[in-house]
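Encoded as structure tokens, the structure appears first; notes follow it.
The values are calculated or read from the model by the stated rules, or taken from the named source; none is laboratory data. Everything numeric here is computed off the predicted structure, so don't read it as measured data. Cβ placement follows ideal geometry from the backbone for every residue including glycine, while neighbour counts extend to all protein chains displayed. Surface accessibility is based on the protein's heavy atoms, side chains included, excluding ligands, DNA and RNA. Shrake-Rupley method; radii C 1.70, N 1.55, O 1.52, S 1.80 Å.
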Amino acid sequence: MRVGIPRGLLFYRFFALWKTFLEELGVEVVVSPPSNKAIIQHGLVYGVEEICFPVKVFLGHAYALLGKVDALFIPRMVSFRKNEYNCPKILGLPDLVRNLFQVRSEAIIDEEINMRERGIRGWWEGFLAIGRRFTRDDRKIVRALNRAEKAHQEYRRKLQEGFLPENLIDHRPMLPRREKQVVLLGHPYLLGDSYINMNIVRKIHDLGYSVVTPDMVPERTVRKALAILPKASFWTISNEIVGTAFSFLKKEDQNVRGFVHLVSFECGPDSLVGEVVERYIKREKRSFPYLRLEIDEHTGEAGLVTRLEAFVDMMEWRNAHHASYLPTPSAP
């Protein structure tokens, strides 16, 4: 059986887990090609105006697999952390693909994975349900999931070492590390797809800086820093972005010179996250430069480059003059 995985959204987080799990069950896995103009165009044609750009990109990748596989792998990822949720648009992906492209229900693997209330039990129940699509042997499914989780842990470990998803998925060479660093915040599907983000990591690198992404920060560090907030949000990835930013605000790391936050136009959670991060940055005695970049299907590369160049000039000036947004340290 050939199963297609669209290269979008949570693919960049769970690539190793999903691929290993399916292959251990004897499935031939087909991943859609890297994003390109044709894929994006198909996503824009079929996507309604109200959905965000990354969901439109996902639809383009789903469309690229139609007719080439027996089924599409689009699990309903309600939650992968207890007491938190994923974005509602991610929850509705199976229904969106089914209705837009008139795909038969059995041709979409859309079992629910929900850790919101049941924790790890909800995780295992979801993967057992997926596995039963291919075998009645629960022991085989459990073995496949155990191996998939080990592959996932190794994938996440390499990301923490400084690899990017494209280095591990497509075997692209790593960029040399720079001493000066920029914390690049954003959802993994924005940071992981170099086509839709217009190769922002290389652009920052060419300006003399390496990037640090949320995937490169240990989860324990992120969650500890997130405790600064009186109450975290409902969304797991949003919490990880905020926690990553906070972890560097409290860390005496002279190599980090600023924050670039890549957000998707029309993303509700991002509008909240950006406001929280910027406000807390401005409260710090050592207030870092902060740049928010919104991208959608209309974003021009020239404008993005101009803003990055101006931001780098500001970071250099601020670092040379030890300047801050604030004339005096803010009150605690």
Report summary line: When the chain is treated as a Gaussian network with springs between alpha carbons less than 10 Å apart, the largest mean-square fluctuation among R292, R147, R121 is found at R121
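If you put +1 on each Lys and Arg Cβ and -1 on each Asp and Glu Cβ, how big is the dipole of the chain around its Cα centre, in Debye rounded to 20?
Numbers: 48 positive and 41 negative charges, 209 e Å.
Here the size comes out at about 1000 debye.
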**Report entry** Exposure of H171 as accessible area (Å², to 10), given a probe of 1.4 Å and all protein chains
**Finding:** 150 Å²
Query raised in the report: Going by accessible area, probe 1.4 Å, with all protein chains left in place, what is the ranking of Y85, Y195, Y209, largest first?
Result: Y195, Y85, Y209
Requested in this report: Determine ³J(HN,Hα), in whole Hz, for all residues of the range 139-147 in sequence, where each value follows from phi through the Karplus function 6.51 cos²θ - 1.76 cosθ + 1.60 and θ = phi - 60°; x replaces Gly and Pro.
Outcome: 5, 5, 5, 4, 4, 4, 5, 4, 5
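How would you classify the range 220-310 from its alpha-carbon gyration tensor, with a ≥ b ≥ c the square roots of the eigenvalues: rounded for a/c under 1.5, else prolate if a/b is greater than b/c, otherwise oblate?
Note, shape of the range 220-310 comes out oblate.
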Query raised in the report: With springs only between Cα atoms under 10 Å, which of E106, E24, E166 fluctuates most in a Gaussian network model of the chain?
Result: E106
Report summary line: Expected field for D206, accessible surface area in Å² at 1.4 Å probe radius, rounded to 10, holds 100 Å²
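Suppose accessible area is computed on protein heavy atoms with a 1.4 Å probe; arrange L308, L66, L168 from highest to lowest. Each step should come with its number before you reach the end.
Working: L308 5, L66 60, L168 35 Å².
Of L308, L66, L168, the descending order of accessible area is L66, L168, L308.
Among the GluC sites (Glu not before Pro) within the range 195-293, which fall in a DSSP loop and have no more than 12 other Cβ atoms within 10 Å of their own Cβ?
Within the range 195-293, the qualifying GluC sites (Glu not before Pro) (loop, at most 12 other Cβ atoms within 10 Å) are E252.
Rank these by accessible area, largest first, 1.4 Å probe: L128, L93.
Working: L128 35, L93 10 Å².
Of L128, L93, the descending order of accessible area is L128, L93.
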Report summary line: Cβ-Cβ cut-off under 14 Å around R121, Lys and Arg +1, Asp and Glu -1: the net charge is +1
Query raised in the report: What is the distance in Å between the Cα centres of the range 1-23 and the range 114-158?
Result: 13 Å
Report summary line: Sorted by chain and number, the residues with a modelled amide H under 5 Å from that of V78, at a separation of 5 or more or across chains, are I113
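With +1 on each Lys and Arg Cβ and -1 on each Asp and Glu Cβ, how big is the dipole of the range 89-238 about its Cα centre, in debye rounded to the nearest 20? If you can, show how the numbers build up before the last one.
Working: 27 positive and 19 negative charges, 81 e Å.
The calculated dipole for the range 89-238 is roughly 400 debye.
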Query raised in the report: Rounded to the nearest 10 Å², what accessible area does F11 show when all protein chains are kept and the probe is 1.4 Å?
Result: 0 Å²
Report summary line: So for the range 42-90, using the alpha carbon gyration tensor with a ≥ b ≥ c as root eigenvalues (a/c under 1.5 gives rounded; past that, a/b versus b/c decides prolate or oblate), I'd call it oblate
**Report entry** Candidates R257, R223, R133, ranked by Gaussian network fluctuation over the chain, Cα under 10 Å, top entry
**Finding:** R133
